[in-house]
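Written below as structure tokens is the structure these notes are about.
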Amino acid sequence: MATLSVIIPVYNEAKTIRSIVDLVRSVDLGDVQKEIIAVDDCSTDGTREALHALAADGVRVLLHERNRGKGAALRTGFAAATGDYLVVQDADLEYDPHDYPLLLAPLLAGTADVVYGSRYLGNRPRPVTRFWHSLANRIITLCANMTTNLALTDVATCYKAFTKEAMARILPRLTAERFDIEVDITARVAKERLRLYEVGVVYVGRSYADGKKIGVRDGIAFLWAMVKYNWLRS
């Protein structure tokens with residue numbers, strides 16, 4: 001029986017961590033079982049207490065003793081995963097785990113090594129997002145495509161799924177600590193010439209008032225990361 005490792009980087013998500021774990025558990029993947037790994041990046045809002053309860057209920061919980069960023073949390077989770085497949089899941093309820101079958105299908109069929117869940121593909125109903133946030137995502141994706149020679153529609157998506165073999169090839173070269181992990185992963189996927197697919201996924205974005213953390217600083221860091229990870233690193 002194959003196993004999907006679900007990697008959840010967590011920072012100050014006490015309000016939603018239990019809900020996202022429940023959603024992940026509710027997804028029917030047929031013969032594929034799930035391993036849930038939550039990596040807490042030194043939360044201070046009660047998230048750790050919630051994770052202790054989840055650990056007693058079968059979730060693998062890994063703790064950072066200082067806040068290092070999403071990239072560092074993901075690399076910790078990737079290194080700990082034991083599944084045949086891996087998928088990234090944010091803890092903020094913006095992405096629906098019921099899209100896992102779509103992400104897994106090309107991997108299970110053996111036609112892809114990596115699958116991205118695009119917020120801009122397909123005709124599934126989704127809320128209208130803010131213009132400037134959407135434009136920033138598209139500019140970042142355009143620049144990423146120019147530096148990798150890929151034709152992605154959504155480089156900054158949370159939903160990225162991998163075979164364990166693909167992750168074994170890229171993980172040793174990943175170094176990003178913050179949100180620029182999205183660019184770091186994509187650069188390595190391109191350099192390793194892994195077979196990359198995209199599928200359309202549902203996305204319900206939250207506002208900064210609701211706890212959204214990525215900002216202008218991270219957008220600028222993305223642009224520098226494209227140069228750093230594609231042209232300054234072998």
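The values are calculated or read from the model by the stated rules, or taken from the named source; none is laboratory data. None of these values were measured; they are calculated from a predicted model. No Cβ is skipped: glycine too gets one built from the backbone with ideal geometry, and neighbour counts run over all protein chains shown. All accessible areas refer to the heavy atoms of the entire protein, side chains included, with ligands and DNA or RNA removed. Shrake-Rupley method; radii C 1.70, N 1.55, O 1.52, S 1.80 Å.
Between a residue in the range 197-211 that is at negative phi and open to solvent by less than 30 Å² (accessible area, probe 1.4 Å) and any residue that is hydrophobic (A, V, I, L, M, F, W, C) and at pLDDT 95 or above, which pairs come within a Cβ distance under 7 Å, given they are 6 or more apart or on different chains?
So the pair list comes out as Val199/Leu102; Val199/Leu103; Val199/Val115; Val201/Leu102.
Looking for whichever is among the aromatic types (Phe, Trp, Tyr) and over 22 Å from Ala112 (Cα atoms) here; the options are Tyr95, Tyr11. Which one fits? Talk me through it step by step, then tell me what you get.
Working: Tyr95 fails: over 22 Å from Ala112 (Cα atoms).
Among Tyr95, Tyr11, only Tyr11 is among the aromatic types (Phe, Trp, Tyr) and over 22 Å from Ala112 (Cα atoms).
So Leu51 clears everything in (1) more than 30 Å from Arg193 (Cα to Cα); (2) free of Cβ contacts under 8 Å to residues at least 12 places away in the same chain except one condition, right? Which one?
(2)
If a residue has to be touching a residue at least 40 places away in the same chain (Cβ under 8 Å) and open to solvent by 40 Å² or more (accessible area, probe 1.4 Å) to count, how many in the range 1-27 make the cut?
Our first condition is that a residue be touching a residue at least 40 places away in the same chain (Cβ under 8 Å); within the range 1-27, this holds for 2-13, 15-17, 19-20, 23-24, 26-27.
This time we only want the ones that are open to solvent by 40 Å² or more (accessible area, probe 1.4 Å), so: 11-12, 15, 19, 23, 26.
Number satisfying all stated conditions: 6.
Could you tell me whether the range 105-115 includes any residue that is touching a residue at least 24 places away in the same chain (Cβ under 8 Å) and among the hydroxyl-bearing types (Ser, Thr, Tyr)?
Within the range 105-115, one or more residues are touching a residue at least 24 places away in the same chain (Cβ under 8 Å) and among the hydroxyl-bearing types (Ser, Thr, Tyr).
If you go through the range 169-187, how many residues are open to solvent by less than 20 Å² (accessible area, probe 1.4 Å) and more than 16 Å from Lys70 (Cβ to Cβ)? Before you say what the answer is, go through the steps one by one.
We begin by selecting, within the range 169-187, every residue open to solvent by less than 20 Å² (accessible area, probe 1.4 Å); these are 170, 174, 176, 181-187.
If we keep only those that are more than 16 Å from Lys70 (Cβ to Cβ) as well, we get 170, 187.
Of the residues in the range 169-187, 2 are open to solvent by less than 20 Å² (accessible area, probe 1.4 Å) and more than 16 Å from Lys70 (Cβ to Cβ).
If I filter the range 33-50 down to residues being assigned to a loop (DSSP other than H, G, I, E, B) and open to solvent by less than 20 Å² (accessible area, probe 1.4 Å), which single residue comes out as nearest to Asn67 (Cα to Cα)?
Within the range 33-50, the first condition is being assigned to a loop (DSSP other than H, G, I, E, B), and the residues that meet it are 41-46.
Among the residues that remain, those that are also open to solvent by less than 20 Å² (accessible area, probe 1.4 Å) are: 41, 43.
Values: Asp41: 5, Ser43: 8 Å.
Across the range 33-50, the extreme among qualifying residues is Asp41.
With respect to Glu65, is the statement that it is without any contact (Cβ under 8 Å) to a residue 60 or more places away in the chain, touching a Ser or Thr at 6+ places or on another chain (Cβ under 9 Å) and surrounded by fewer than 20 Cβ atoms within 10 Å (Cβ to Cβ) true?
It is false that Glu65 is without any contact (Cβ under 8 Å) to a residue 60 or more places away in the chain, touching a Ser or Thr at 6+ places or on another chain (Cβ under 9 Å) and surrounded by fewer than 20 Cβ atoms within 10 Å (Cβ to Cβ).
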